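Below you'll find the structure, written out as structure tokens, and then a few comments.
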Amino acid sequence: MKILVTGTAGFIGSHLILPLLQRGDEIVGLDNINDYYDQNVKYGRLQRSGINKQEIEYGKLITSSKFSNYKFIKLNLEDKDALEELFKSEKFDKVVNLAAQAGVRYSLTNPDAYIQSNIVGFLNLLECCRHNHIKHFVYASSSSVYGLNKNQPFSTSADVSHPMSLYAASKKSNELMAHTYSHLYDIPTTGLRFFTVYGPWGRPDMALFLFTKAMLEGKAIDVFNHGDMQRDFTYIDDIVEGVIRVLDSPPSGVKEEQINPSNSTAPYKIYNIGNNNPVQLMDFIDAIEKKLGVKAKKNMLPLQAGDVPSTYADVSDLIEDLEYKPATPIQEGIDKFIDWYLDFFKVEI
């Protein structure tokens, strides 16, 4: 199976390709390696899979030094001509799109980045899938699409018409665009609404990374909504297992009487992919304190615009369809992240 995975310098993408490569799939990784956060982390992720920083050039396919079945290209999804050429030359069977401008809070100050990457880039991928007979297009959506929805746990059959940030709106737009292409061109598409993914090589703009860094430096951490928040934190290994199960199971559509907002008569499906077990923010902080042996200094702040106080994933359809059930306890996941952090940044405690 030949698979294009976009966002392979990113958190989830860099983890996903390793088991795919190990089971024998042929992978082409794509990323623009932008400077949204520390590029050293991105280059470190690429190095794990044998992609050396010195060899990377825009638009040039390079082969991994560790995996003969892995190639990487630095490319913008907005670069339609180059993307079309890549699809024609590599003849992919499936596509996993994890490349996107991430972050709810960043979307408040840099909206243009979300339209270019998450809308224009996404459309370019759909067009390439359309013209190259792709057998399954899997893409990252987000729990943020639930927006003002107060009914928890969040269900894929719930209404998601009221996003609270442009990031969330861009992800909901992706779901609508994917359905259109599934309906018009019979392309199997599956959207995955990720719920607060964490673990080694995690994003530096996420709470676990920010909290660990600040606490090790003796600085205060920003605790929003005065700590009255909960998140369905999901460990990266559990996420990767779920993505692979989805990738291997393209949707075929349902009968009209079975339709709900998560499916269609077209080959289209939406899944939540989360831990199904939300954790209170203060308990999350306690787990970091326990591992570091440090008491956090806290700036207690109000809820930020565009943010929600709680996320909780209903993953019953993922369990029923694909027997997926995340299993990593929060303390174990945090311990593994901090072990990685201390090693990567050469910090002693």
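The values are calculated or read from the model by the stated rules, or taken from the named source; none is laboratory data. As the structure is a prediction and not an experimental result, all values here were calculated from the model. Note that we place each Cβ from the backbone using ideal geometry, even for glycine, and neighbour counts take in every protein chain shown. To get the accessible areas, we keep the full protein, side chains included, count just its heavy atoms, and leave off ligands, DNA and RNA. Shrake-Rupley method; radii C 1.70, N 1.55, O 1.52, S 1.80 Å.
Residue-wise, which Karplus ³J(HN,Hα) couplings in Hz belong to the range 239-250, taking 6.51 cos²θ - 1.76 cosθ + 1.60, θ = phi - 60°, and x for glycine or proline?
4, 4, 4, x, 4, 5, 4, 5, 4, 7, 10, x
Determine the calculated [θ] at 222 nm for the chain from helices alone, applying -39500 (n - 2.57) to every DSSP H run no shorter than 4 residues and normalising by the residue count; nearest 500 deg cm²/dmol.
On the way: 11 runs with 124 residues, N = 349.
One gets -11000 deg cm²/dmol as the mean residue ellipticity at 222 nm.
Would you mind pulling out the separation of the Cα centroids of the range 290-317 and the range 21-44, in Å?
Cα centroid to Cα centroid, the span is 27 Å.
What FRET efficiency comes out for the pair residue 157/residue 217, r = Cβ-Cβ distance, R0 = 35 Å, nearest 0.05?
On the way: r = 44 Å, r/R0 = 1.27.
FRET efficiency, residue 157 to residue 217: 0.20.
Name the residues whose placed amide hydrogens come within less than 5 Å of the amide hydrogen of residue 141, ignoring near sequence neighbours (fewer than 5 apart) on the same chain.
When sequence neighbours closer than 5 places are left aside, the close amide H contacts are 192, 193, 194.
Mind listing the phi-derived Karplus ³J(HN,Hα) values for the range 132-148, rounded to whole Hz, using 6.51, -1.76 and 1.60 with θ = phi - 60°, and x for any glycine or proline?
10, 6, 6, 7, 6, 10, 9, 9, 7, 9, 7, 4, 5, 5, 5, x, 7
Of all the accessible heavy-atom surface of the range 55-206, with the other protein chains kept in place and a 1.4 Å probe, what percent is carbon and sulfur?
Working: 3240 of 6300 Å².
Roughly 51 percent of what the probe reaches on the range 55-206 is carbon or sulfur.
Show the residues, 5+ positions off or on another chain, whose built amide H is closer than 5 Å to the amide H of residue 304.
225
So with the 1.4 Å probe, I'd like the accessible area per residue for the range 211-257, rounded to whole Å². Don't jump to the answer; show the numbers that get you there.
Working: 2040 Å² over 47 residues.
Accessible area per residue, the range 211-257: 43 Å².
Calculate, for the range 103-205, the solvent-accessible area per residue in square angstrom, rolling a 1.4 angstrom probe over the heavy atoms of the protein chains. Can you show the working numbers first?
Details: 3970 Å² over 103 residues.
Heavy-atom accessible area per residue stands at 39 Å².
Give, rounded to the nearest 20 debye, the magnitude of the charge dipole that the range 1-72 has about its Cα centre when Lys and Arg contribute +1 at Cβ and Asp and Glu contribute -1 at Cβ.
Details: 9 positive and 7 negative charges, 42 e Å.
Dipole about the Cα centre, nearest 20: 200 debye.
Scan the range 285-333 for trypsin sites (Lys or Arg not before Pro) in coil per DSSP, keeping those whose Cβ has at most 13 other Cβ atoms within 10 Å, and list them by number.
295
So I have (i) -0.28, -0.47, -0.58, -0.86; (ii) -0.32, -0.54, -0.66, -0.95; (iii) -0.39, -0.59, -0.70, -0.89, and one of them is log10 I(q)/I(0) by the Debye sum over Cα atoms at q = 0.07, 0.09, 0.10, 0.12 Å⁻¹ calculated from this model. Which one is it?
Of the labelled values, this structure produces (i).
Using modelled backbone amide H atoms (1.01 Å from N, in-plane), which distant-in-sequence or interchain residues come within less than 5 Å of residue 197's amide H?
234
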